[in-house]
1. Summing Lys, Arg as +1 and Asp, Glu as -1, what charge do residues with Cβ under 13 Å from the Cβ of L103 carry, L103 excluded?
2. Give the separation of the Cα centroids, the stretch 63-115 to the stretch 44-59, in Å.
3. For helix 25-35, report the angle its Cα long axis makes with the longest principal axis of the Cα atoms of the chain; keep it between 0 and 90° and round to the nearest 10°.
4. Could you pull out every residue, at least 5 positions away or on a different chain, whose amide H is within less than 5 Å of the one on V108? Hs are placed 1.01 Å off N in the peptide plane, and Pro or chain starts have none.
5. For the chain, what does -39500 (n - 2.57) per DSSP helix run (n ≥ 4), summed and divided by total residues, give at 222 nm, in deg cm²/dmol to the nearest 500?
6. Karplus couplings for the stretch 39-51 from phi (6.51 cos²θ - 1.76 cosθ + 1.60, θ = phi - 60°), rounded to Hz, Gly and Pro as x?
7. What lysines does K32 reach when the alpha-carbon gap must be under 18 Å and sequence neighbours fewer than 8 apart in one chain are set aside?
8. Over the chain, what lengths in whole Å, largest first, do the semi-axes of the equivalent ellipsoid take, defined as the square roots of 5 times the eigenvalues of the alpha-carbon gyration tensor?
Amino acid sequence: MENSQNTFLLRVFIGEADKLNNDLLFEQIVFKANKSGLAGATVLHGIMGYGQRKKIHSTKLFDIATNIPVVIEIGDNKEIIDAFLPALGDMIEKAACGGMVTLEEIEVRKFTAKS
């Protein structure tokens, strides 16, 4: 991914324990993004949140800490992300967990290590 005017950030909001075919959904999404050739993905672990069911999930509330929020951030150009979205939507639907996806244009500046 080069510095460009056409770079976007895709964010996927799901639960840590959400599964697809007995595998963790967030892992499956990252593997699929990698296989699909997207530039990069990072999974961020939330400490507290809630979704459409309005149930609070928190690392502090041990009795309900069953599905801590995670955010998967994926960056690439719009065309590549747009091509990935149908597969992503299919995965979330098949997992039957619900989730939210956002997409925003970003400016990328790369810094590389000097060797």
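None of the figures in this text is laboratory data; all of them are computed from the coordinates on show. Predicted model, so just to flag it, every value in this text is computed and none were measured. Methodologically, a virtual Cβ is constructed for each residue, glycine included, from the backbone with ideal geometry; neighbour enumeration extends over all protein chains shown.
1. Taking every other residue near L103 into account, the sum is -4.
2. Their Cα centres are 17 Å away from one another.
3. 20 degrees
4. S4
5. Helices in the chain give a 222 nm mean residue ellipticity of -8000 deg cm²/dmol.
6. 4, x, 9, 9, 9, 10, 8, x, 9, 6, x, 8, x
7. List returned: K19, K78, K94.
8. The answer is 27, 17, 13 Å, longest axis first.
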